[in-house]
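Colleague: Sharing a structure below in structure tokens format, with a few things to ask.
Please treat every number below as a calculation from the coordinates, not as lab data. Fair warning: this is a prediction, and the values are worked out from it, not measured in the lab. We place every Cβ from the backbone using ideal geometry, glycine too, and count neighbours over all the protein chains shown.
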Amino acid sequence: MSILHTVNKSPFEKSTFRSCLDHAKSGDAVLLIEDGVYAATKGTAAAKLIAARNGDLALYALAADLAARGISETSVIEGVSVVDYGGFVDLVAGHDVSQAWL
Amino acid sequence: MNTQEDSSGANGQKRFLYVNRRAPYGTIYALAFDQDVSLAFLDDGVYQIVKGQDTEGIGMKNFSPTYRALGDFEVTKLFVERESLEERGLSSDDLLDITYEDEDDDWAEKPSIRIVSRSQMTEVMAAQDVILSF
């Protein structure tokens, strides 16, 4: 059973992103939305946390939330897949359970 | 940089500092004019003035262009904390081009954004009469 985790808070303001990674099992997916997309940017402490997982999680970030915050594709960490709202729906449908880290 | 170069007190003005510590799209602003107003951007507040924001996809108004109008209201001091930028993988190149026309210098166009260190930001705060946080 794999879980889709969603994180919607800035990793600098809340500990939810860290807590999510600490509880996500290998093979789970993590979708970053709203202010959560800041965790997908290069050169941050959040990027180091992601790198430490050595690719055992599937990471996604929502395109519209990246664009709204001026985060270009070149600023997004390699290994994070950018998805649109349709992709969000597919991820929810493709996992047994969704867990929203609020 | 001397963060207190603009002396206050003239015309009974008070020094107002608006402290921005939150990312955009969750905050509403109000400014008091005819005062010596500065803005401080630290922590996630630096995200407020990142350029290239396109909010069409999330159906919210893009407020970032509003910052470029501040110069017309004599709000010409936007202090941005260097450490907050660096922690977020950002540099001054990632910020909006915000300028004002200096009436004391033949209306020369000058940058409003002043990158300051964390210790300089402390001095900016210490120099204020009123501090409002968002």
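Colleague: Around A:K25, what is the net charge, scoring Lys/Arg as +1 and Asp/Glu as -1 over all other residues with Cβ under 13 Å from its Cβ?
Modeller: Local charge sum for A:K25: -3.
Colleague: A:A52: net charge of surrounding residues, Cβ under 14 Å, Lys/Arg +1, Asp/Glu -1, itself excluded?
Modeller: +1
Colleague: Rounded to the nearest 5, what % of DSSP beta bridges with both residues in chain B are antiparallel?
Modeller: In chain B, approximately 20 percent of DSSP beta bridges are antiparallel ones.
Colleague: What's the ranking of B:126-132, A:52-58 by average number of surrounding C-beta atoms within 10 Å, highest first?
Modeller: B:126-132, A:52-58
Colleague: On average over all directions, what projected area in square nanometres does the protein assembly as shown have, based on the convex hull of its Cα atoms?
Modeller: For the protein assembly as shown, the mean projected area of the Cα convex hull comes to 13.5 nm².
Colleague: Below 15 angstrom from the Cβ of A:V92, what's the summed charge of the other residues (Lys, Arg +1; Asp, Glu -1)?
Modeller: It works out to a net charge of -4.
Colleague: Other chains' Cβ within 10 Å of A:62-69 residues: what's the mean?
Modeller: That works out to 6 on average.
Colleague: Another question, if that's okay. Run the helix sum for the protein assembly as shown: -39,500 (n - 2.57) per DSSP H stretch of 4+ residues, divided by residue count, reported at 222 nm to the nearest 500 deg cm²/dmol.
Modeller: Per the formula, -5000 deg cm²/dmol.
Colleague: Let me spell out the model: positive unit charges on the Cβ of Lys and Arg, negative unit charges on the Cβ of Asp and Glu, origin at the Cα centre of chain A. What dipole size does that give, in debye rounded to 20?
Modeller: Computed about the Cα centre, the dipole is about 360 debye.
Colleague: List the lysines whose Cα sits under 19 Å from the Cα of B:K14, skipping any in the same chain fewer than 8 residues away.
Modeller: B:K77
Colleague: Which value in nm describes the separation of the simple spin-label points at B:A127 and A:S15, placed 7 Å from the Cα toward the beta carbon?
Modeller: So the label points at B:A127 and A:S15 sit 3.7 nm apart.
Colleague: Please list, in chain and number order, the residues 5+ apart from B:R114 or on another chain whose amide H is under 5 Å from its amide H, with Hs placed from the backbone.
Modeller: Here the answer is B:L78, B:F79, B:V80, since their amide H atoms fall under 5 Å of that of B:R114.
Colleague: Here's another thing I want to ask about it. With +1 on each Lys and Arg Cβ and -1 on each Asp and Glu Cβ, and nothing else charged, work out how big the dipole of the protein assembly as shown is about its Cα centre, in Debye to the nearest 20.
Modeller: 1020 debye
Colleague: Please compute the Cα-Cα pair-distance distribution of region B:13-133 with 10 Å bins starting at 0, giving whole percents from short to long.
Modeller: Reading upward from the zero bin: 13, 45, 35, 7, 0.
Colleague: Taking only the Cα atoms of chain A, how large is their convex hull per residue, in Å³?
Modeller: Once divided by residue count, the hull of chain A is 83 Å³.
Colleague: Using θ = phi - 60° and the Karplus form 6.51 cos²θ - 1.76 cosθ + 1.60, what ³J(HN,Hα) does each residue of region A:2-19 get, whole Hz, x for Gly and Pro?
Modeller: Once θ is set to phi - 60°, the couplings for region A:2-19 become 10, 10, 9, 9, 10, 10, 10, 10, 4, x, 8, 9, 10, 8, 4, 5, 4, 5 Hz.
Colleague: For A:N54 paired with A:Y85, estimate the spin-label separation in nm (one decimal), with each label point 7 Å from Cα along the Cα-to-Cβ line.
Modeller: 4.0 nm
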